[in-house]
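Read through the structure below, which is laid out as structure tokens, and then see the notes.
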Amino acid sequence: MMNSVDEVWGTAMARVPLLSERELDVFQLLGKGASNRTIATQLAITERTAKAHVAQILAKLGVESRLQAGIAGFAWQIVTRAGI
């Protein structure tokens, strides 16, 4: 039986394919703990655009915070590297 925390993470991970290519770029940087400023610099976008992408990621994944999105991004990178 899954508890609500497992359901949230399972849902978030299942929704990663809904992210656009650019949102995936931002998502991966969130998984590395990058700030909006760092994301903006690395992707050659404005900080405001980075913030908008982060907001879209939170909405699409159904998570409540940047930290949750970052943890999901970190886990996603591990899963995709491992080919799981």
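A few notes on this one:
- Taking the numbered list (1) at pLDDT 95 or above; (2) surrounded by 13 or more Cβ atoms within 10 Å (Cβ to Cβ) in turn, Ala59 passes all entries but (2).
Here's the yes/no breakdown for (1) in a helix (DSSP H, G or I); (2) open to solvent by 10 Å² or more (accessible area, probe 1.4 Å); (3) of a type in the set (D, E, K, R):
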| site | (1), (2), (3) |
| --- | --- |
| Thr41 | yes, yes, no |
| Ala50 | yes, no, no |
| Val63 | no, yes, no |
| Leu67 | yes, yes, no |
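The values are calculated or read from the model by the stated rules, or taken from the named source; none is laboratory data. Please read these numbers as outputs of a predicted model, since none were measured by experiment. Glycine also receives a Cβ, built like all others from the backbone with ideal geometry; neighbour counts cover every protein chain displayed. Side chains are part of the model used for accessible areas, which takes the heavy atoms of the whole protein and leaves out ligands, DNA and RNA. Shrake-Rupley method; radii C 1.70, N 1.55, O 1.52, S 1.80 Å.
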